[in-house]
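Engineer: My questions will all concern the structure given below.
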Amino acid sequence: MSDGSWDIAPPPFNAGSALQTMKRFARDQRVLAERSEGWLLGADLVLKMSLDSAMVLVQLAKRPARTPEWDTFMLKSATDSRKVQDEIKRRLTRWKDEE
């Protein structure tokens, strides 16, 4: 029947649509407010996203603060996007628990 090999390539990564998906995801979290420079949790900037040619750069605060330390993620595939979404959810949950 079949030789068992699958030669299916993943779809090409579209950075523009990935950025829109990440913005939609952040909006759906309901605790983040979008401002021109990024996303706020209360009065603290905690998330920034930007398009850089073939990838999306995401900066996520280690913890909410007026001048936070940032973790930077480069999204080059759908897998990277899902990992960053999971990390955002984890941090939002942790920050909520710490309040």
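The values are calculated or read from the model by the stated rules, or taken from the named source; none is laboratory data. A quick note: this is a predicted structure, and the numbers were derived from the prediction, not measured. Neighbour counts run over all protein chains shown; Cβ positions are idealised from the backbone, glycine included. Accessible surface is based on the protein model in full, side chains and every heavy atom, while ligands, DNA and RNA are left aside. Shrake-Rupley method; radii C 1.70, N 1.55, O 1.52, S 1.80 Å.
Engineer: If I compute solvent accessible area with a 1.4 Å probe over the protein chains, what percent of it on region 42-96 is carbon and sulfur?
Structural biologist: After summing per-atom areas, the C and S share lands at 50 percent.
Engineer: Suppose we take every Cα in region 45-99 and form the convex hull; what volume per residue is that in Å³?
Structural biologist: Per residue, the Cα convex hull of region 45-99 comes to 63 Å³.
Engineer: From the phi angles alone, apply the Karplus equation (6.51, -1.76, 1.60; θ = phi - 60°) to region 36-41 and give each ³J(HN,Hα) in whole Hz, x where the residue is Gly or Pro.
Structural biologist: 4, 8, x, 10, 9, 10
Engineer: Suppose every Lys and Arg Cβ carries +1 and every Asp and Glu Cβ carries -1, with no other charges. What dipole size does the chain come out with about its Cα centre, to the nearest 20 debye?
Structural biologist: Approximately 360 debye in magnitude.
Engineer: Using Cα atoms only, what is the angle between the long axis of helix 78-98 and the major principal axis of the chain, expressed in degrees (0 to 90) to the nearest 10?
Structural biologist: With both axes taken from Cα atoms, the answer is about 30 degrees.
Engineer: Let me ask something else about it. Using the Karplus curve 6.51 cos²θ - 1.76 cosθ + 1.60 with θ = phi - 60°, what ³J(HN,Hα) values do you get for each residue of region 47-56, in whole Hz, with x for Gly and Pro?
Structural biologist: Listing the rounded values in order: 8, 10, 9, 8, 9, 10, 6, 9, 8, 10 Hz.
Engineer: Compute the accessible area per residue over the chain, keeping the other protein chains in place, probe 1.4 Å, unit Å².
Structural biologist: 70 Å²
Engineer: Another question, if that's okay. If you line up the long axis of helix 15-28 against the longest principal axis of the chain, both from Cα atoms, how many degrees apart are they, to the nearest 10?
Structural biologist: Helix 15-28 and the main axis of the chain meet at about 50 degrees.
Engineer: Another question, then. Given the Cα-Cα distance of Asp86 and Asp44 and 0.36 nm per residue of separation, how much length would full extension add, in nm?
Structural biologist: 13.1 nm
Engineer: For the chain, what is the per residue volume of the convex hull drawn over the alpha-carbon atoms, in cubic angstrom?
Structural biologist: That works out to 129 Å³ per residue.
Engineer: Taking +1 at the Cβ of each Lys and Arg and -1 at the Cβ of each Asp and Glu, which of Ala26, Ser50, Thr67 sits farthest along the dipole of the chain towards its positive end, judged by Cα position relative to the Cα centre?
Structural biologist: Result: Thr67, furthest along the dipole toward the positive end.
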